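The values are calculated or read from the model by the stated rules, or taken from the named source; none is laboratory data. No experiment lies behind these values; they were computed from the predicted model shown. Every residue, glycine as well, gets a Cβ built from its backbone with ideal geometry; the counts of neighbours run over all protein chains shown. Just so you know, the surface numbers come from the protein's heavy atoms only, side chains and all, with ligands and any DNA or RNA stripped out. Shrake-Rupley method; radii C 1.70, N 1.55, O 1.52, S 1.80 Å.
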Amino acid sequence: MEIVTLDPHGMCSGVRSAIAKAMSHGGAYCLHQLVHNEIVLGELLALGSVFVDDIEKVPDGATVIFPAHGVTPEVRGRAAAKRLSVVDGTCPFVARAHRAARRFSDAGLPVVVLGDPSHTEVQGILGEIADRRAPRPGEKIGVVSQTTMNADEVAAEVARLREKFDVAGVAGICTATKERQDAVREFDGDAILVLGSRNSANTRRLCEVARCPAYIASNMDDVVKLREEMERYGKVGVTSGASTPERFFESAVGCLRRIPQHVAIIMDGNGRWAQSRGRPRGFGHAAGAGTLMRALGWLGDRGIRYVTVYAFSTENWKRPESEVSGLMGLFSTMLKSKASELVGNQVRLRVAGRRGDLPRPLRDAIADVERRTASFERQLIVCLNYGGRAEIVDAANAAIARGEPVTEETFRRLLYVPDVPDPDLVIRTGGERRTSNFLLWESAYAEYHFTDTLWPDFSERDLDEALGDYSSRDRRKGGLS
Ligand code: FPP
């Protein structure tokens, strides 16, 4: 199966700006769905945002976010009467359609509105029209369409209207939506996968304009379920609706190409590598640190979003003091010297483990790099003073302190990096075939790849071998394939 990513796809600038506004007011009231995308709404819910379907349900004086699809003038008036602090997420194209409807209406023209009458955007446009009378034959009219409509359908409808009326102006179609539809229409493959929620009008429209079978996937579960069906086709195009987050797009493409989104590595064999060269073990750790930086580049080039490495276990304190202090010094030096490389490559550093027991200078260096890289999406999770059992015990104690019974889902949220998805692939170098207390909870369904290569020698070729091995696995996760 050849996967072709269609361009342009995904979020338009209007949606991006609405989401940025809503995220920066996390916890505020959102009138209706900010955008029709379940992933975005889930993130806002996690920030404490409250969704209401009626402006009257927002307490007086509170902050309310208007959706990207816009609101009626009546709702704006009610928000002002309630002294609400309004954050307007209305997309500029929707606002333009509103202004056009108002202009036609103010000029005394009957306005024909094309679109789904139950959609909030169309209700907002209708709200701008003072006199909603039906036009008489031959009369001058204005036409406004829902911004996400199929441009060809609008053109055909306008041609029909011209046969009966004098069409003075047409407004509505959003160019970003049209460009995404054009890319789908021009795709000459065997099937198209459209990523987005089923209640998103522009997502459904992308399916309608396709010249080959088209499928919708709203989340990663859908993608995994559809993957086998997609594999029946030779050339599959992937696109996404205007409110679909890009990271879902990347994860879905990775899944279709059978690339893991999260790779975890047990970097074993530094000591033996050094000893075989007659050098101290610390020499091997320093070489291993270099390999890690190179591997990060290769993993990034292959679209792998999360990388977790086992750098120091809760059991490693048992090593000679000189090796332990050498490692602590190496971690501090690496963090300081590679911080700008991580920033330049837009990689977020996170440390998982009992960091309270680490030396103070190292803790300070970690806090500094974590802060400088906090906004990046790609992530490097370094397990330091980490043990899988310790992590589970720490989470269990946090649950006891809360005094609430846990489920697998709520327990997962108490682990060190709760928002990072479980690893898909765990690579262990250095010839041993055991898990050594690494990610015990998170790797329940991970695939394992073992290689005899010692970590300092791990090459791009070794990585591709591991990814090839992973792509051949049938990941049933307890179900039947
Ligand atoms: C296991 O090999 C390796 C470690 C305990 C240390 C890993 C650390 C690095 C690669 C440095 C990474 C740097 C940062 C900043 C994260 P081993 O010593 O057990 O090797 P052996 O099995 O041959 O003795």
- line: With every protein chain kept in place and a 1.4 Å probe, the residues M230, M23 fall, from largest accessible area down, as M23, M230
Values of log10 I(q)/I(0), in the order q = 0.13, 0.23 Å⁻¹, for the stretch 321-443 under a Debye, Cα-only, solvent-free model: -0.63, -1.39
- prompt: Say the cut-off is 28 Å between C-alpha atoms; which of K21/K336; K21/K178; K57/K178 go over it?
  reply: K21/K336; K57/K178
- prompt: Accessible surface of V50 in the full protein assembly, 1.4 angstrom probe, to the nearest 10 Å²?
  reply: 60
query: Helix 460-471 sits at what angle to the longest principal axis of the chain, using alpha carbons and giving 0 to 90 degrees rounded to 10?
result: 60
- prompt: What is the dipole size for the stretch 68-223, taken about its Cα centre, with +1 at each Lys and Arg Cβ and -1 at each Asp and Glu Cβ, in debye to the nearest 20?
  reply: 800
Per-residue [θ]222 nm for the chain (sum of -39500 (n - 2.57) over DSSP H runs n ≥ 4, rounded to 500): -13500 deg cm²/dmol
- line: Quick shape check on the chain: root eigenvalues a ≥ b ≥ c of the Cα gyration tensor, a/c under 1.5 is rounded, otherwise prolate if a/b tops b/c, else oblate, and it reads prolate
query: So how far apart, in nm, are the two label points at R96 and N397 if each is 7 Å from Cα heading toward Cβ?
result: 5.8
query: Taking the Cα atoms of the stretch 89-136 alone, what are Rg (to one decimal) and Dmax (as a whole number) in Å?
result: 10.5, 37
Charge dipole (the chain, unit charges on Cβ, about Cα centre) - positive-most of A401, S325, V94: S325
- prompt: So how much accessible area does F450 have, in Å² to the nearest 10, using a 1.4 Å probe?
  reply: 70
message: Rounding to the nearest 10 and keeping the result within 0 to 90°, find how far the Cα-based axis of helix 92-106 lies from the longest principal axis of the chain.
response: 10
- prompt: Cα gyration tensor of the stretch 154-306, axes a ≥ b ≥ c as square roots of the eigenvalues: rounded (a/c below 1.5), prolate (a/b > b/c) or oblate?
  reply: prolate
- request: Sort the stretch 193-247 into rounded, prolate or oblate with this rule: let a ≥ b ≥ c be the square roots of the eigenvalues of the Cα gyration tensor; rounded if a/c is under 1.5, and if a/c is not under 1.5, prolate when a/b is larger than b/c, oblate otherwise.
  value: oblate
- prompt: Quick one: how many Å² of C91 are accessible to a 1.4 Å probe, rounded to 10?
  reply: 10
query: Counting other Cβ atoms within 10 Å, which GluC sites (Glu not before Pro) in the stretch 154-243 have at most 14 and lie in a DSSP loop?
result: E231
task: Leaving ligands, DNA and RNA out of it, rank F376, F458 by accessible area with a 1.4 Å probe, largest first.
output: F376, F458
- line: Residue-ordered couplings for the stretch 220-235, obtained by feeding phi - 60° into the Karplus form 6.51 cos²θ - 1.76 cosθ + 1.60 and rounding to whole Hz (Gly and Pro as x), are 5, 4, 4, 4, 4, 5, 7, 4, 5, 4, 4, 5, 6, 9, x, 10
statement: Taking alpha-carbon centroids only, the stretch 120-173 lies from the stretch 291-337 a number of Å equal to 62
- prompt: Along the stretch 64-72, what does the Karplus equation 6.51 cos²θ - 1.76 cosθ + 1.60 (θ = phi - 60°) give for ³J(HN,Hα), rounded to whole Hz, x for Gly and Pro?
  reply: 10, 10, 7, x, 4, 7, x, 9, 7
- prompt: Taking a temperature of 37 °C and a viscosity of 0.692 mPa s, what whole-number D in µm²/s does Stokes-Einstein yield for the stretch 66-105 with Rh from Kirkwood over alpha carbon pairs?
  reply: 305
- request: Note down the relative contact order for the chain as a percent, whole number, built from C-alpha pairs under 8 angstrom at least six residues apart.
  value: 13
query: Which three semi-axes in whole Å describe the equivalent ellipsoid of the stretch 65-199, each the square root of 5 times a Cα gyration tensor eigenvalue, listed largest first?
result: 27, 24, 10
